[in-house]
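Reading through the structure tokens given below for one structure.
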There are 2 protein chains.
Amino acid sequence: MFWKGRNLYILLAFILLAMFASSVLTLTIVGPLSFAEQGSGASGGKSAAGGFTSQELKKLSTTYELIQSQYLQEADRTKLVDGAIRGMLDSLNDPYTTYMDQKEAEQFNDMLSSSFQGIGAEVSLEEGKVKVVSPIKGSPAERAGIRTNDIIVSVNGEKLDGLTLTEAVMKIRGAKGSQAKLQVMRGGAEPIDIVVVRDDIPIETVHSEMLEDGIGKIEVREFVQNTAKAFKEQLKALEDQGMRGLIIDVRGDPGGMLQAVVEMLEPFVPSGKPIVQVEDRAGKREQTISKGASKPYPISVLINNGSASASEIMAGALQEAAGAKLVGEKTYGKGTVQVTYQQEMGDGSNIKMTVMKWLTPNGNWVHQKGIAPDLPVDQPAYFRASPMSKKTTLKADMLGDDVKNLQIMLEGLGLSPGRTDGYFSDKTAQAVKNFQTKSGLTADGEVDAKTAQAIEDAITKEIRDPKNDLQLKAAVDAVKKAIKLK
Amino acid sequence: MFWKGRNLYILLAFILLAMFASSVLTLTIVGPLSFAEQGSGASGGKSAAGGFTSQELKKLSTTYELIQSQYLQEADRTKLVDGAIRGMLDSLNDPYTTYMDQKEAEQFNDMLSSSFQGIGAEVSLEEGKVKVVSPIKGSPAERAGIRTNDIIVSVNGEKLDGLTLTEAVMKIRGAKGSQAKLQVMRGGAEPIDIVVVRDDIPIETVHSEMLEDGIGKIEVREFVQNTAKAFKEQLKALEDQGMRGLIIDVRGDPGGMLQAVVEMLEPFVPSGKPIVQVEDRAGKREQTISKGASKPYPISVLINNGSASASEIMAGALQEAAGAKLVGEKTYGKGTVQVTYQQEMGDGSNIKMTVMKWLTPNGNWVHQKGIAPDLPVDQPAYFRASPMSKKTTLKADMLGDDVKNLQIMLEGLGLSPGRTDGYFSDKTAQAVKNFQTKSGLTADGEVDAKTAQAIEDAITKEIRDPKNDLQLKAAVDAVKKAIKLK
């Protein structure tokens with residue numbers, strides 16, 4: 001459990017997605033490129049001008065043969081070839097240009113398709129146990145009776161003990177139609193057996209709600225296959241309810257597909273204006289011109305340093321071409337576009353390669369700079385506190401990161417710990433005592449595992465409470481103000 | 001400046017060598033292998049059974065061509081091919097199997113040849129300035145009048161300001177016969193001009209001295225080309241002085257050439273006994289049998305976690321086959337042998353590849369385990385303290401790593417700081433006051449840059465004092481005891 005960026009509720013909802021987090025930081029063009037000079041010309045392996053020279057080839061095959069004949073252990077041919085490909089791409093020094101072997105390519109495609117095959121339960125790892133956060137509505141898990149706080153002990157006879165969350169999730173997942181026989185602990189001493197038939201689980205990448213005073217909020221979690229469709233539907237639903245102002249929340253959204261964000265932006269960018277520009281290796285720019293219109297209501301976009309790629313296209317375009325106010329923290333700063341080459345590789349593996357820069361409507365390149373908010377707002381410090389290790393009892397005169405996190409949480413609970421630098425002072429001990437008294441624990445001013453857990457639970461409650469989302473509050477205020485000015 | 005492992009004096013003497021530190025962690029066989037089945041059979045690039053299949057080749061050249069035709073920036077062909085080679089070797093997951101491009105291969109060969117071309121001055125970087133620690137005896141630098149504490153401002157008109165130590169050293173070095181026109185600051189306000197004609201500078205890898213009671217000590221800093229010769233000469237000199245016991249110090253010695261250590265061990269390992277064994281990929285073992293004799297005097301070997309590779313062969317063989325006592329800390333644990341393939345690459349680049357395991361005379365493989373000392377002895381804690389950042393004045397009630405290092409140093413100076421966990425207590429302030437009073441500084445109990453520097457200078461003096469080398473002391477005691485028992 002780690003609290004970072006947005007609130008815990010959202011984080012938990014994303015646990016199943018977490019395993020893709022690193023690979024999703026992309027801005028991918030899927031399907032044939034609109035640039036005729038790109039994407040073709042590299043389909044053959046027969047090598048003309050662009051291929052290896054015979055001397056280059058000799059060095060490569062000498063290395064390969066030396067490994068095969070001399071290296072202490074027998075080497076796997078596939079790993080060597082994959083290694084060579086990775087090494088070539090690594091030499092470009094671009095973190096967004098990567099090779100994916102067959103399995104990784106499959107996961108990547110799954111991710112972009114906005115669904116996966118499994119039972120449909122959000123799970124987290126707590127004290128080494130796989131705990132159900134909540135079954136997804138209408139999923140096989142829900143239908144089979146899986147409930148929040150169930151602890152999944154085993155899947156088809158395989159214990160989940162000692163696995164990482166990703167490893168456990170991989171065991172729970174499986175092909176549509178297959179059975180997952182779960183052993184589940186639920187309060188009692190004996191585990192319950194529940195059989196779930198796996199199915200396609202859609203990933204909800206858009207979530208919307210109507211807040212106070214006719215202000216609608218749409219949260220976009222990534223930009224994948226059905227995101228644009230869901231966004232437009234939910235936008236329409238809010239508008240049908242008479243929405244007077246809109247907040248789009250792309251905090252922690254790592255990006256996704258270029259087509260998706262362009263489609264989502266079109267209704268907001270006045271006809272004839274550019275939604276986004278791209279620049280190829282020759283420096284040639286191309287604008288994607290909007291055929292849309294503008295909206296009559298004020299817009300605010302919530303951003304933070306986890307807003308990357310497509311999220312930044314959205315924030316940049318709404319700011320420059322639709323008059324939206326950006327609220328929160330500076331964005332990540334990823335200003336390149338990748339294309340995936342799967343067909344060319346011929347065996348199910350994939351190369352994702354940076355081929356273009358993208359620029360905002362006004363032609364700004366935000367790469368490695370990010371976009372600054374119009375209204376900078378930080379979340380409370382306790383949103384970024386880490387759980388304590390709970391290995392030793394913390395007491396007066398100790399110091400370290402655990403003490404620091406303790407103090408930040410105590411401060412978040414309004415219990416003045418005196419300092420938040422990691423030194424357990426007498427004032428900190430008094431704050432702990434006050435917490436313990438309030439919570440019916442022995443008020444000894446020492447933080448054992450039980451007190452630590454209680455403090456973390458209390459902070460979790462605060463993080464989940466939307467009233468503590470200072471960035472959202474500021475966005476609501478900004479939109480309200482803009483409504484009044486109209 | 002960083003204090004680690006052995007004493008500071010030795011560290012400073014090694015500053016010029018530091019840039020090789022990572023590449024020297026090797027056990028290299030130079031020249032033709034004694035194993036007929038190794039080292040041959042991979043000379044051609046023409047590829048028979050061992051080469052790429054056409055499908056593998058297609059994937060490689062598709063990647064290469066995609067980069068050339070699609071990637072956002074123009075890619076360097078040499079970097080791509082080098083990248084592919086590195087990637088193949090990386091896929092083996094062996095840190096000792098590496099590719100070196102032409103320049104790196106040259107540096108590696110220089111390093112093994114135990115000499116380099118330059119002016120022959122040991123330099124360090126202090127507060128951004130390149131300072132001469134000492135000119136090497138008989139070197140061009142000494143003959144031209146370079147002195148300890150000279151600050152080198154520029155070389156042939158190029159300022160050294162803002163460079164790293166390695167970058168500065170690279171500017172000072174140069175081919176034999178070439179001129180280095182140095183601007184040197186020495187106390188006065190005006191720089192002095194000194195011209196030094198560069199030459200071959202031999203690297204002293206063996207250092208010996210006679211300690212109390214006829215106990216000789218030989219320090220081996222790495223195992224390179226002339227190490228065995230120097231070792232045997234200095235051993236003979238000590239024996240000629242009537243040495244009654246020997247200490248061999250391989251602390252911080254990262255290794256080098258297999259031939260060197262075998263040659264050095266031969267006189268210590270009784271005839272007919274194995275010095276070392278090697279095991280090839282097929283599991284076939286071969287022993288290197290000694291034609292030497294044993295020595296009449298007791299031997300102790302000083303080891304620590306920086307003793308790797310050839311150092312471990314030395315420690316292991318002397319322990320198992322010559323009855324030596326190992327004193328200090330557990331060794332690094334590197335039990336493989338590399339061969340370099342330069343000829344095969346054909347363009348001056350080089351592949352260093354793990355081809356065998358080495359085992360101790362009794363057949364133990366120490367890889368990733370290390371060799372434990374017979375007599376475990378740690379150095380005083382202050383040997384491992386880091387210099388303080390000196391950015392803020394440290395005072396009571398502060399905490400952090402700077403405070404922790406301060407406390408460890410105060411303790412090393414016998415000034416009871418009360419605690420060494422990084423919290424600046426009143427007792428720590430009192431210890432600082434005591435130091436300040438003793439040193440003629442304002443006794444305010446606060447550590448500003450001046451007090452910090454004075455404390456570090458005092459600790460440096462302690463580290464340089466051989467009486468504080470607890471491991472050496474223990475080795476001397478062990479040898480003395482063994483002499484008495486005879």
For this session: Taking the residues in the stretch B:438-455 that are among the hydroxyl-bearing types (S, T, Y) and surrounded by fewer than 18 Cβ atoms within 10 Å (Cβ to Cβ) as candidates, determine which candidate is nearest to A:G418 (Cα to Cα).
Result: B:T442
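Quick check on A:S300: is it under 30 Å from A:E104 (Cα atoms), more than 14 Å from chain B (Cβ to nearest Cβ) and buried (at least 20 other Cβ atoms within 10 Å of the Cβ)?
no
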For this session: List the number of the failed condition for B:L410; all other conditions in (1) among the hydrophobic types (A, V, I, L, M, F, W, C); (2) modelled with pLDDT of 95 or more; (3) in contact with an Asp or Glu (Cβ under 9 Å, 6 or more places away or on another chain) hold.
Result: (3)
Exercise. Taking B:E286 and the conditions (1) in contact with a helix residue (DSSP H, G or I) (Cβ under 7 Å, 6 or more places away or on another chain); (2) closer than 19 Å to B:K273 by Cβ, which numbered condition does it fall short on, given that it satisfies the others?
Worked result: (1)
Problem set entry | Conditions (1) modelled with pLDDT under 85; (2) in the same structural domain as B:G188 (by TED's automatic domain parsing): number failed by B:D110 | (2)
Seminar exercise, completed: Scanning the stretch B:265-295 residue by residue, the ones that are open to solvent by 50 Å² or more (accessible area, probe 1.4 Å), touching a residue at least 40 places away in the same chain (Cβ under 8 Å) and closer than 21 Å to B:A478 by Cβ total 1
For this session: Residue by residue through the stretch A:207-264, note down the ones that are in a helix (DSSP H, G or I), of a type in the set (G, A, S) and open to solvent by less than 10 Å² (accessible area, probe 1.4 Å).
Result: A:A228, A:A260
Exercise. Can you name every residue in the stretch A:46-62 that is within 7 Å of chain B (Cβ to nearest Cβ) and at pLDDT 90 or above?
Worked result: A:F52, A:E56, A:K58, A:K59, A:L60, A:S61, A:T62
Exercise. Exactly one of (1) in contact with a strand residue (DSSP E or B) (Cβ under 6 Å, 6 or more places away or on another chain); (2) more than 14 Å from chain A (Cβ to nearest Cβ) is unmet by B:T340. Its number?
Worked result: (2)
Exercise. Restricting attention to the stretch A:395-437, which residues are crowded, with 20+ Cβ neighbours inside 10 Å, over 33 Å from the mean Cα position of the chain (by Cα), small (G, A, S) and not in a helix (DSSP H, G or I)?
Worked result: none
Exercise. So, of the residues in the stretch A:166-198 that are farther than 17 Å from A:P135 by Cβ and hydrophobic (A, V, I, L, M, F, W, C), which turns out to be least open to solvent (accessible area, probe 1.4 Å)?
Worked result: A:A175
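For the stretch A:468-479, does any single residue satisfy the condition of being open to solvent by 50 Å² or more (accessible area, probe 1.4 Å), assigned to a helix (DSSP H, G or I), of a type outside the set (A, V, I, L, M, F, W, C) and not assigned by TED's automatic domain parsing to the domain that holds A:S389?
Looking for residues that are open to solvent by 50 Å² or more (accessible area, probe 1.4 Å), assigned to a helix (DSSP H, G or I), of a type outside the set (A, V, I, L, M, F, W, C) and not assigned by TED's automatic domain parsing to the domain that holds A:S389, one finds at least one in the stretch A:468-479, hence yes.
Looking at the stretch A:315-341, which of its residues are of a type in the set (A, V, I, L, M) and either part of a loop (DSSP other than H, G, I, E, B) or in contact (Cβ under 8 Å) with a residue 60 or more places away in the chain (or both)?
Passing the criteria: A:A315, A:L318, A:A324, A:V327, A:V337, A:V339.
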Exercise. Given the structure, is B:G370 touching a residue at least 60 places away in the same chain (Cβ under 8 Å), at positive phi and surrounded by fewer than 16 Cβ atoms within 10 Å (Cβ to Cβ)?
Worked result: no
Seminar exercise, completed: Those residues of the stretch B:57-74 that are assigned to a helix (DSSP H, G or I) and among the aromatic types (F, W, Y) come to a total of 1
For this session: Please state which of the following conditions B:S349 fails to meet, knowing it meets all the rest: (1) within 18 Å of B:G422 (Cβ to Cβ); (2) open to solvent by less than 20 Å² (accessible area, probe 1.4 Å).
Result: (1)
Exercise. In the list A:E344, A:E312, which residue meets the criterion of being part of a loop (DSSP other than H, G, I, E, B) and either at pLDDT below 95 or buried (at least 22 other Cβ atoms within 10 Å of the Cβ) (or both)?
Worked result: A:E344
For this session: Only residues that are in a strand (DSSP E or B) and over 19 Å from the mean Cα position of the chain (by Cα): list them for the stretch B:196-206, please.
Result: B:V196, B:V197, B:D199, B:D200
For this session: Scan the stretch B:237-263 and report the pairs whose first residue is more than 23 Å from B:K330 (Cβ to Cβ) and whose second residue is open to solvent by 10 Å² or more (accessible area, probe 1.4 Å) and among the small types (G, A, S), with Cβ atoms within less than 8 Å and a gap of 6+ or a chain change.
Result: B:A237/B:S208; B:L238/B:S208; B:Q241/B:G214; B:G242/B:G214; B:M243/B:G214; B:R244/B:G214; B:G245/B:G214; B:G245/B:A482
Exercise. Out of all the residues in the stretch B:86-104, is one or more away from chain A (no Cβ under 14 Å), open to solvent by 10 Å² or more (accessible area, probe 1.4 Å), in a helix (DSSP H, G or I) and over 25 Å from B:V197 (Cβ atoms)?
Worked result: yes
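Look through the stretch A:383-394, keep the residues that are buried (at least 19 other Cβ atoms within 10 Å of the Cβ) and touching an Asp or Glu at 6+ places or on another chain (Cβ under 7 Å), and return whichever of them is modelled with the highest pLDDT.
Step by step, filter the stretch A:383-394, then rank; the result is A:L394.
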Problem set entry | Among the residues listed as A:A429, A:A474, A:A443, the single one being out of contact with any His (no Cβ under 7 Å at 6 or more places or on another chain) and within 30 Å of A:G216 (Cα to Cα) | A:A474
Exercise. Of a type in the set (S, T, Y), out of contact with any Ser or Thr (no Cβ under 7 Å at 6 or more places or on another chain) and assigned to a loop (DSSP other than H, G, I, E, B): does that describe B:S294?
Worked result: yes
Exercise. Do we find that B:L66 is within 7 Å of chain A (Cβ to nearest Cβ), open to solvent by 10 Å² or more (accessible area, probe 1.4 Å), more than 31 Å from the chain's Cα centre (by Cα) and more than 17 Å from A:T62 (Cβ to Cβ) in this structure?
Worked result: no
Exercise. Can you name every residue in the stretch A:145-162 that is open to solvent by less than 40 Å² (accessible area, probe 1.4 Å) and either without any contact (Cβ under 8 Å) to a residue 12 or more places away in the chain or part of a loop (DSSP other than H, G, I, E, B) (or both)?
Worked result: A:G145, A:I146, A:D150, A:L160
Seminar exercise, completed: Scanning the stretch B:69-83 residue by residue, the ones that are open to solvent by 50 Å² or more (accessible area, probe 1.4 Å) and not hydroxyl-bearing (S, T, Y) total 5
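The values are calculated or read from the model by the stated rules, or taken from the named source; none is laboratory data. Please read these numbers as outputs of a predicted model, since none were measured by experiment. Neighbour counts are summed over all protein chains in view; Cβ atoms, including those assigned to glycine, are modelled from backbone coordinates with ideal geometry. Just the protein is used for accessible areas: all its heavy atoms, side chains included, with ligands, DNA and RNA removed. Shrake-Rupley method; radii C 1.70, N 1.55, O 1.52, S 1.80 Å.
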